[in-house]
Structures are given as C-alpha cells and as structure tokens.
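Engineer: Please read through the structure below; I'll follow up with questions.
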Amino acid sequence: MPRTRSLAWSELRIGVLTIVAIGIAAMLIFTLTGGSGFFWQRYPLKTRFPNVAGLAPGSPVRVAGVEVGSVKEIDFAGEEVDVTFEVKKDQRPRITDKSVATLGSVSLLGESAVDITPATTGATIRDYGYVPAGRTKGSLADVSDQATTGIQEITKLVQDVRSGRGTVGKLMTDDRLYNELQAFAASANGVTAAITSGRGTIGKLVNDRRAADALEASLKNLEALTRRINAGEGSLGKLLNDDAFAASLNGATTNLQDLTARLNRGEGTAGKLMTDATLFNRLNSVSERFDDLVARLNEGEGTAGQLLKDRQLYENINGAVSDFRSMLTEIKRDPRKYLNVRVSIF
C-alpha cells in the first residue's frame, strides 16, 4: 500500500513538470511571435504590391507604427505580388476599406514591413480580403540608384568642363574668355572706385550731400504734387476726383466724336467737302481760276494788271486822286465860291 502511494506521487510530479514545461513553451512561442497572439486571436488579410522590395514571410505588419501581425505568404498574381498576412483581431475596427497598405522599412539594411494606415470610418474587411495598396515609399535600393545616377551626372559634368564645353568649361580652358572676364572685373573695380571717389552722377549722389538733398527735395515735391492730385486740387486733381469735371470732359469727348461722325457721314459744308467729290472739284476749279487771275495780274494783263505793272498809269491815277482831294479841300474851305460859279453857269 505505501509503495502504491509513492508511485502515484512520482507520476503526479511528472505531470506537473510536463504542464509547466508546456506553459513555458507556450510563453516562449508567444514571445517569439512578437506578441501577435495565438492563431485563434488572429485573422488573415491580403494586399497586392507591384514590387515587394525584400519583403519575406515573417516580416512585421504595423498599424500606425505598432506591430500587430506578420507576413505569412507571398505569391505571384500575374505581374504583381499578393502578400498574405495575419493581424490581431482587435485591430479589425482600425483596418477598413479606407486604410492603405504600403511597404515600409524596418532598418537601413533593407528589411521591409507592411505598414497600414488606420481608418475607423470605412467598412471592415472580411477574412482574406484585400487592403487597398498605396504608393510604395522609396527604399534604400532606390536611394542607391538615385545616388548612382547623380554620381554619373556629376562625372559627365566634370568631363564636359574639362573638355571646355559650356560656360564654366570655356572659362576654365579658354584663356581669352578668362582675360575678358578679368578685364570686366577690372572695369567694375574702376567704376566702383569712381563712384566711391564721387565722380559721375551716381558718385555725386552717393558722396555729395547737396545732390542727395536735391534728390530728396524733388521726391518731396513729387509727394506733395501727388497729395494735391489726390486731394482734387488743380485740373488733373479735378479730373481724377471731380465727377462733374469728368462728366464735362466726357461730354466734350462725346461731342467731338459726334462731330467726327457727322463729318464722316458728309453732313455740313466741311462734311460735304470731305465726302462730296463734286464740291471738291468745284472748289479746286475756283482755286485754279484764282491762280490764273493772279498770274494774269502779275503779267500786266487788263486794267488791274497794267495798274500793277505800268508805273506811268499808277502815277497818273495817283495825280488825279491828289487833284480830286485838293478840290474837295477847297470846296470844304469856301463852298460859296463854287456855288456862285454854278449859278453863273446856269
């Protein structure tokens, strides 16, 4: 009887140790799986990338940077890649059809992860449903490729400079361009020295206090003029600020436009002169006749022409006019004498 009791206690200790070992193993498995929980605490999802960039089974899955699962399978789907992963069931409200899955980086060595943006406003995704994929972020390989391309461009640029192509290349290889640049620098130094010494307009403006004061006074006058214009003083100020003056000017402009329109339509004498060819021809004929008359007078034709050209006729007419004036003077002086003469004649 005591022997049987001893065997039962030994078997009990073995069973307890086995249970403890199983518990420790379960804890180790739970720890090694990254806290993802047991299989009944996870649910599967999928996403699709054009390139997984080093993603492998076991890579972490993160929601807002927090690790909540791991990648289980990676399979080709045509030209793209399907990624199957498991996450904790308590993340189901955060992973919806509004979430976006992208490839993230765990370290600088190129280890990748699946990063999911949380979105609680969309509909939940069923098991093995697809999380919308977003634009993949640049990886270390992309940075390396860009760096290689940049180095190649820099190398090509250095080769162009050494071969004398471009402005910098010509500056480094062409002595004439270098000399011209040096001469330009010397000229610039000369101009700067002249300005510093007060020569020229700019030099006087920089160094002469009177020139600066004159410029300042001119600016003040301009400011005062602008202020007067804004205040409505003067013709320009009234034009800008007085509505009545502006209306009058507008009326004058309208009248001028109306007059121009009437002239273009041929109304009035000036309009007919501009548009009526018959009136213009008549006026032109009169002008030609007047020119002919002046020419005949200059040639001495007719009485008026002889009067202009014949000196003797001019003197005779002038003498007759003088005698007539003398007679009028005597008549005014003694009119009775001429009356008596007329009575004696009758």
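Engineer: Quick one: count up the residues across segment 44-79 that are without any contact (Cβ under 8 Å) to a residue 60 or more places away in the chain, more than 20 Å from residue 117 (Cβ to Cβ) and within 47 Å of the chain's Cα centre (by Cα).
Structural biologist: Total meeting the criteria: 1.
Engineer: While we're looking at this one, here's another question. Here are the criteria: (1) modelled with pLDDT of 90 or more; (2) open to solvent by 40 Å² or more (accessible area, probe 1.4 Å). Tell me which single one residue 71 does not satisfy.
Structural biologist: Unmet condition: (2).
Engineer: Hey, another quick one. Just for segment 224-240: of the residues that are of a type outside the set (Lys, Arg), over 32 Å from the mean Cα position of the chain (by Cα) and surrounded by 14 or more Cβ atoms within 10 Å (Cβ to Cβ), which one is nearest to residue 251 (Cα to Cα)?
Structural biologist: So the first thing to find is which residues in segment 224-240 are of a type outside the set (Lys, Arg), and the list is 224-226, 229-237, 239-240.
Next, only the ones that are over 32 Å from the mean Cα position of the chain (by Cα) stay: 224-225, 231-237, 239.
Checking the rest, the ones that are also surrounded by 14 or more Cβ atoms within 10 Å (Cβ to Cβ) come to 225, 232, 237, 239.
Working: 225: 27, 232: 20, 237: 18, 239: 13 Å.
Of everything passing the filter in segment 224-240, 239 is nearest to residue 251 (Cα to Cα).
Engineer: For segment 55-68, give me each residue that is among the small types (Gly, Ala, Ser) and crowded, with 17+ Cβ neighbours inside 10 Å.
Structural biologist: Listed by number, the list holds a single entry, 59.
Engineer: Might you check whether a residue that is in contact with a Ser or Thr (Cβ under 9 Å, 6 or more places away or on another chain), at pLDDT below 75 and assigned to a helix (DSSP H, G or I) occurs anywhere in segment 308-315?
Structural biologist: Taking segment 308-315 first, the residues in contact with a Ser or Thr (Cβ under 9 Å, 6 or more places away or on another chain) are 313.
Subsequent filtering for residues that are at pLDDT below 75 retains 313.
Going one step further and asking which of them are assigned to a helix (DSSP H, G or I), we end up with 313.
Within segment 308-315 (the criterion being in contact with a Ser or Thr (Cβ under 9 Å, 6 or more places away or on another chain), at pLDDT below 75 and assigned to a helix (DSSP H, G or I)), the answer is yes, since at least one residue qualifies.
Engineer: Still on this structure, please answer the following. Test residue 295 against the criterion of being farther than 30 Å from residue 202 by Cβ and surrounded by 10 or more Cβ atoms within 10 Å (Cβ to Cβ), and give yes or no.
Structural biologist: The answer is yes for residue 295.
Engineer: Checking the condition at pLDDT below 80 and hydrophobic (A, V, I, L, M, F, W, C), which residue from 219, 225, 279, 259 passes?
Structural biologist: From the options 219, 225, 279, 259, the qualifying one is 279.
Engineer: Name the pairs: first residue in segment 173-200 and more than 23 Å from residue 211 (Cα to Cα), second residue basic (Lys, Arg), Cβ to Cβ under 8 Å, at least 6 apart or on different chains?
Structural biologist: Once the first residue is more than 23 Å from residue 211 (Cα to Cα) and sits in segment 173-200, its partners that are basic (Lys, Arg) give 173/162; 177/170.
Engineer: Six or more apart or on different chains, Cβ under 6 Å: which pairs go from a residue in segment 317-338 that's more than 30 Å from residue 306 (Cα to Cα) to one that's modelled with pLDDT of 75 or more and surrounded by 10 or more Cβ atoms within 10 Å (Cβ to Cβ)? Could you list them?
Structural biologist: Close Cβ pairs satisfying both conditions: 338/331.
Engineer: When you look at residue 254, is it open to solvent by less than 90 Å² (accessible area, probe 1.4 Å) and either within 30 Å of residue 231 (Cα to Cα) or at pLDDT 75 or above (or both), yes or no?
Structural biologist: In short, yes.
Engineer: Find the residue count for segment 182-200, including only residues that are surrounded by 12 or more Cβ atoms within 10 Å (Cβ to Cβ) and hydrophobic (A, V, I, L, M, F, W, C).
Structural biologist: Here the count works out to 3.
The values are calculated or read from the model by the stated rules, or taken from the named source; none is laboratory data. These numbers were taken from a predicted model, which means no experiment stands behind them. Glycine gets a Cβ as well: all are built from the backbone with ideal geometry, and neighbour counts include every protein chain shown. Areas reflect the complete protein model, heavy atoms only, side chains present, ligands, DNA and RNA absent. Shrake-Rupley method; radii C 1.70, N 1.55, O 1.52, S 1.80 Å.
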